[in-house]
């Protein structure tokens with residue numbers, strides 16, 4: 001009689017920028033623990049829009065975080081990139097086979113993707129050689145993470161089977177509509193839409209002036225092959241991104257400049 005093969009579950013690292021208590025992270029955890037050994041290492045408090053910041057001048061405090069009466073994960077008093085670094089280098093006994101960051105509350109599309117702590121966590125994973133993706137849901141009020149979590153599970157299985165090029169991670173954005181209204185999945189490029197910043201001037205009870213950053217997104221693209229356009233067409237957007245910021249097309253032109261101090 002042939003011995004049955006024992007299939008080992010992969011080791012997944014889960015993180016986010018909304019904080020370890022965020023419902024999007026919990027939805028991801030509940031879905032992915034069915035197919036993998038999951039370790040949560042996430043910011044203690046919300047770290048939205050911190051980009052790829054890392055902590056260097058202060059110690060990183062790590063504490064056990066409990067949920068429903070039991071150990072849930074590691075809470076880090078730091079940024080999403082901090083969480084990935086310390087998980088990989090100091091917390092996890094076995095190196096992660098994959099990293100999943102999310103599910104973020106609100107989309108991460110257009111140029112403002114560079115500000116995203118959620119996306120930066122996935123980018124940090126790529127820098128460390130870990131296959132990774134970030135996933136966001138295009139809504140802020142009354143989110144239903146069920147479909148996004150299910151999609152994350154399917155994408156995780158696909159990446160584990162097919163792999164990703166070194167240095168490349170995926171930025172996934174899911175439209176906030178019922179599963180029956182999803183119009184498909186599109187591989188996209190990053191769009192160029194940006195926020196038009198505004199600063200709301202206010203005065204605190206002590207008479208001191210402070211400002212609150214507000215604004216709205218402008219130059220929104222409807223091109224279905226951009227992340228923004230795909231989401232607005234009720235399609236799941238998957239954008240391959242990498243950390244090489246070189247503008248190769250300009251290199252030869254720049255070399256011809258006559259720069260003499």
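Can you bin region 118-157 into rounded, prolate or oblate? Criterion: square roots of the alpha carbon gyration tensor eigenvalues sorted a ≥ b ≥ c, rounded for a/c under 1.5, prolate for a/b above b/c, oblate for the rest.
oblate
Nearest-5 percent of antiparallel DSSP beta bridges in the chain?
Working: 22 of 47 bridges.
Percent antiparallel among DSSP bridges in the chain is about 45.
Once the Cβ-Cβ distance between residue 92 and residue 197 is put in as r, and R0 is 45 Å, what FRET efficiency do you end up with, to the nearest 0.05?
Working: r = 38 Å, r/R0 = 0.85.
Working from the Cβ atoms, E equals 0.75.
Which ordering of 138, 144 is given by a fewest-first count of other beta-carbon atoms within 10 Å?
Working: 138 22, 144 14.
Ordered from fewest to most neighbouring Cβ atoms within 10 Å, 138, 144 come out as 144, 138.
With the Cα gyration tensor of region 116-228 giving a ≥ b ≥ c as the square roots of its eigenvalues, does the rule (a/c under 1.5 for rounded; else a/b larger than b/c for prolate; else oblate) give rounded, prolate or oblate?
prolate
Once you've got the GNM for the chain with C-alpha springs shorter than 10 Å, pick whichever of 108, 171, 142 has the biggest mean-square fluctuation.
Checking each option, the largest mean-square fluctuation is seen for 142.
Give me the base-10 log of I(q)/I(0) for the chain at each q in 0.10, 0.15 Å⁻¹, Debye formula, one uniform scatterer per Cα, rounded to two decimals.
-0.54, -1.09
Rounded to the nearest 500, what is the 222 nm mean residue ellipticity of the chain from helices alone, with -39500 (n - 2.57) per DSSP H run of 4+ residues and division by all residues?
Numbers: 6 runs with 56 residues, N = 261.
Value at 222 nm, helices only: -6000 deg cm²/dmol.
Give the order of 116, 48 when sorted by the count of other beta carbons within 10 angstrom, beginning with the fewest.
Numbers: 116 27, 48 17.
By the 10 Å Cβ count, ascending, the order reads 48, 116.
Can you sort 38, 109 so the residue with the fewest Cβ neighbours within 10 Å comes first? Spell out each step's value before the answer.
On the way: 38 21, 109 28.
By the 10 Å Cβ count, ascending: 38, 109.
Please find the FRET efficiency linking residue 30 to residue 259, where r is the Cβ-Cβ separation and R0 is fixed at 51 Å, and quote it to the nearest 0.05. Kindly include the intermediate steps, with their values, before the conclusion.
Details: r = 56 Å, r/R0 = 1.11.
Computed FRET efficiency for residue 30 and residue 259 comes out at 0.35.
Determine, from the Cβ-Cβ distance of residue 160 and residue 216 and an R0 of 45 Å, the FRET efficiency 1/(1 + (r/R0)^6), rounded to the nearest 0.05. Please list the in-between numbers first.
Values: r = 39 Å, r/R0 = 0.86.
After rounding to 0.05, the efficiency reads 0.70.
May I ask you to derive the relative contact order of the chain, considering only C-alpha pairs under 8 Å and at least 6 residues apart, and to give it as an integer percent?
Working: 555 pairs, mean separation 43.3, N = 261.
Computed value for the chain: 17 percent relative contact order.
Of all beta bridges DSSP finds with both residues in region 1-104, what is the antiparallel percent, to the nearest 5? Present the calculation step by step, with values, prior to reporting the outcome.
On the way: 6 of 17 bridges.
Once the DSSP bridges in region 1-104 are tallied, antiparallel ones form about 35 percent.
In a GNM of the chain with a 10 Å cut-off on Cα contacts, which of 250, 133, 151 has the highest mean-square fluctuation?
250
Say we join alpha carbon atoms closer than 10 Å with springs in a Gaussian network model of the chain; which of 241, 251, 20 then has the biggest fluctuation?
Maximum fluctuation in the GNM of the chain, among the listed residues, is at 251.
Please give the residues of region 128-172, grouped as numeric ranges, whose backbone N is less than 15 Å from a label point set 7 Å along the Cα-to-Cβ vector of residue 9.
153, 157
Rule-based calculations on the coordinates, nothing more; no lab input. As the structure is a prediction and not an experimental result, all values here were calculated from the model. Because the Cβ atoms are built from the backbone with ideal geometry, glycine has one as well, and the counts that use them run over all protein chains shown.
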